[in-house]
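One structure is given below, encoded as structure tokens.
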Amino acid sequence: MDKKKYDVIVVGMGPSSAFFAYESIKLNSKKKILLIDQGKRVENRNCPIEKTGKCVKCKPFCSITNGFSGAGAFSDGKLSLYNEEDEDFYVGGNLHKYLGVEETKRLIDYTDKIYLDFGGDKHLEGIEYKEEVDKIRKKAKKQGIELISIPIRHLGTEKAHSLYQKIEEYIEKSGIEMMFDTIVTDVIIENNEVKGVKIKPSNCVDDENSKIEEIYSDKVIIACRKKRCKLAFRYVSKS
Ligand SMILES: Cc1cc2nc3c(=O)[nH]c(=O)nc-3n(C[C@H](O)[C@H](O)[C@H](O)COP(=O)(O)OP(=O)(O)OC[C@H]3O[C@@H](n4cnc5c(N)ncnc54)[C@H](O)[C@@H]3O)c2cc1C
């Protein structure tokens, strides 16, 4: 029987995976790529809390944090940019410490443009009312608080959904394969080398007798955080 084999398998379809796929398409990669997520397509993700008023702990996985576009799909979709004149970064982590401030600014511009190309609002928040903001900054400083003000691109929850849906369709049309409602239960390692992943349907997550399928690739990218991908992450610290 033919083994299912890919050039690259990506575990998770959050923004990091979606942008990996986007870049592969832009680079005209002819590689056979498979993305796997334990959650649903973005258009099928919905949270019952809007109707029930309280979290009903969805099974098998929470729709807020799982599925295409990952943990951010239900967020307000705020993209923190930067001030041209700033020589350091005050939000957004430590990327600039590794890549330098100029390269980080270039990458933020590049990423921001992708969001704009897929329908992001051209309007930027946080660039008006400079005088008023300065007054608040001075007041805050007197109290020992530093006010950080940077431009924000605000997608909004609904806009974020439709934008990510366009990205999902773009990736799918390019021929990259996507597998939803499928959990990666393990990484296959042979002689200290990655050989692929083990998967099963998400709705069988607690069924120890459910059939586990193997999919092969020499390159497996784990594009999810440790907390949410315990099984696959077992190997990352070792290899
Ligand atoms: C409530 C909330 C609001 C946020 N608001 C903002 C915001 O306004 N602006 C901003 O920039 N950022 C925001 N963030 C942060 C942003 O969502 C994350 O930084 C981003 O989603 C991280 O992307 P990722 O691809 O690394 O991982 P994730 O988005 O976590 O995606 C990982 C994916 O992997 C899948 N997965 C995990 N384990 C497995 C497995 N074993 N098998 C198969 N699939 C698996 C999950 O289902 C998930 O879809 C917010 C986050 C949350 C939770």
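The values are calculated or read from the model by the stated rules, or taken from the named source; none is laboratory data. Predicted model, so just to flag it, every value in this text is computed and none were measured. Quick reminder, even Gly has a Cβ in these numbers, built from the backbone with ideal geometry, and neighbours come from all protein chains shown.
Checked against the criteria, ASP112 does not count as in the same structural domain as ASP86 (by TED's automatic domain parsing) and in a loop (DSSP other than H, G, I, E, B). If you go through segment 4-28 and pick out every residue that is of a type in the set (A, V, I, L, M) and within 21 Å of GLU43 (Cα to Cα), you end up with 5. Please determine whether any residue of segment 88-98 is over 25 Å from THR185 (Cα atoms), surrounded by 14 or more Cβ atoms within 10 Å (Cβ to Cβ) and either among the charged types (D, E, K, R) or modelled with pLDDT of 90 or more (or both). Within segment 88-98, one or more residues are over 25 Å from THR185 (Cα atoms), surrounded by 14 or more Cβ atoms within 10 Å (Cβ to Cβ) and either among the charged types (D, E, K, R) or modelled with pLDDT of 90 or more (or both). Among the residues of segment 20-46, which ones are of a type in the set (Val, Ile, Thr) and near the ligand (Cβ under 9 Å from one of its atoms)? Residue satisfying the conditions is ILE36 alone. In segment 153-231, counting only strands (runs of 3 or more DSSP E) that sit wholly within it, the ones holding 2 or more residues that are touching a residue at least 12 places away in the same chain (Cβ under 8 Å) and within 12 Å of the ligand (Cβ to nearest atom) span 177-179, 182-190, 193-201, 220-222.
Only residues that are among the polar types (S, T, N, Q), more than 6 Å from the ligand (Cβ to nearest atom) and farther than 23 Å from ASP206 by Cβ were counted in segment 53-80, giving 2. Against the numbered list (1) polar (S, T, N, Q); (2) assigned to a loop (DSSP other than H, G, I, E, B); (3) within 14 Å of the ligand (Cβ to nearest atom), SER17 comes up short only at (2). Restricting attention to segment 63-87, and to residues there that are among the charged types (D, E, K, R) and within 25 Å of GLY39 (Cβ to Cβ), which single residue is surrounded by the fewest Cβ atoms within 10 Å (Cβ to Cβ)? Across segment 63-87, the extreme among qualifying residues is ASP76. Every condition in (1) among the hydrophobic types (A, V, I, L, M, F, W, C); (2) within 10 Å of the ligand (Cβ to nearest atom); (3) not in a loop (DSSP other than H, G, I, E, B) is met by LEU107 except one, and the failing one is (2).
Taking LEU116 as the residue in question, decide whether it is exposed (fewer than 15 other Cβ atoms within 10 Å of the Cβ), farther than 30 Å from ASP186 by Cβ, more than 10 Å from the ligand (Cβ to nearest atom) and modelled with pLDDT of 95 or more. Talk me through it step by step, then tell me what you get.
Numbers: exposed (fewer than 15 other Cβ atoms within 10 Å of the Cβ): yes; farther than 30 Å from ASP186 by Cβ: yes; more than 10 Å from the ligand (Cβ to nearest atom): yes; modelled with pLDDT of 95 or more: yes.
Yes, satisfied.
As a summary of the residue check, VAL91 satisfies the conditions (1) in the same structural domain as MET13 (by TED's automatic domain parsing); (2) within 16 Å of the ligand (Cβ to nearest atom); (3) touching a residue at least 12 places away in the same chain (Cβ under 8 Å) except for the one numbered (1).
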